[in-house]
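Worksheet: the structure to be examined is printed underneath.
The values are calculated or read from the model by the stated rules, or taken from the named source; none is laboratory data. Values in this document were obtained by computation on a predicted structure and should not be read as measured data. When we count neighbours, we look across all protein chains shown, and the Cβ atoms used for this are built from the backbone with ideal geometry, even at glycine. Please note that ligands, DNA and RNA were not included when accessible areas were found on the heavy atoms of the full protein model with its side chains. Shrake-Rupley method; radii C 1.70, N 1.55, O 1.52, S 1.80 Å.
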Amino acid sequence: LVFLLAYRQLYCHMEESIFNYWLVVQILIVMFFSIFYDPNLLFMGYFPANFIGYYSGKKYFYYFYSLFAISLVIPIIFSWNGVNPESLFFLVPFFIIMLISPFGIRSMNRRMDLERQLDIANEQISHLVKREERMRIARDLHDTLGHTLSLLTLKSQLIAKMVPAQPDSAIQEAKEMEST
């Protein structure tokens, strides 16, 4: 029951101090059961091995990994006389897998974090691209509007000079200016 409680607490509490406490409890229970009840209960070590992989920092990861490895070796040493060679063929591969699995979990969690960061970066890039496109359109509109206003200014000056001498041409230029 304590093992199940520790397992549940490890899933529910990601606060580091509480997580550390329940992980140690789970490792000690596996070691205690393997020494005093049955060496095959060592396979319960897959559960804490999974949680050791949740550490992203090297310090805590290697600290708890070392504690975990020691807690697996001690029961084997205590029950070495009772272990027959045939059971070693069964025990050794699972023991190795148990020792490797925290690295796999850690790698998977790191990959998921990198994918999450990549998604955030892609979202930011998308926003920046949209923003840059808006800025480009605004610059184009500004340039076009500037040229149009300059053209209108020139035409109005031309009309002002043409009205006394060529009123019909001035009216035509005024119509062009209006359409512009």
Tally up the carbon and sulfur contribution to the accessible surface of the chain as a whole percent, 1.4 Å probe, everything protein left in place.
-> 66 percent
Compare the Cα positions of ASN40, PHE68, PHE89 along the charge dipole of the stretch 36-127 (+1 at Cβ of Lys, Arg; -1 at Cβ of Asp, Glu; about the Cα centre) and return the one farthest towards the positive end.
-> PHE68
Env charge @ ILE159, Cβ radius under 14 Å, K,R +1 / D,E -1, value -1
With only Lys, Arg, Asp and Glu charged, each at its Cβ (+1 for the first two, -1 for the last two), find how big the charge dipole of the chain is about the Cα centre; round to the nearest 20 debye.
-> 320 debye
Once the piece of chain linking SER101 and GLN124 is laid out straight, how much longer is it, given 0.36 nm per residue of separation minus the C-alpha distance between them?
-> 4.8 nm
Rounded to the nearest 20 debye, dipole of the stretch 100-159 from Cβ charges on Lys, Arg, Asp, Glu = 80 debye
Assuming R0 = 45 Å, what is the FRET efficiency of GLN172 and GLU132, from their Cβ-Cβ distance, to the nearest 0.05?
-> 0.60
Probe 1.4 Å, heavy atoms of protein chains only: per residue, the accessible area of the chain in Å² is 71 Å²
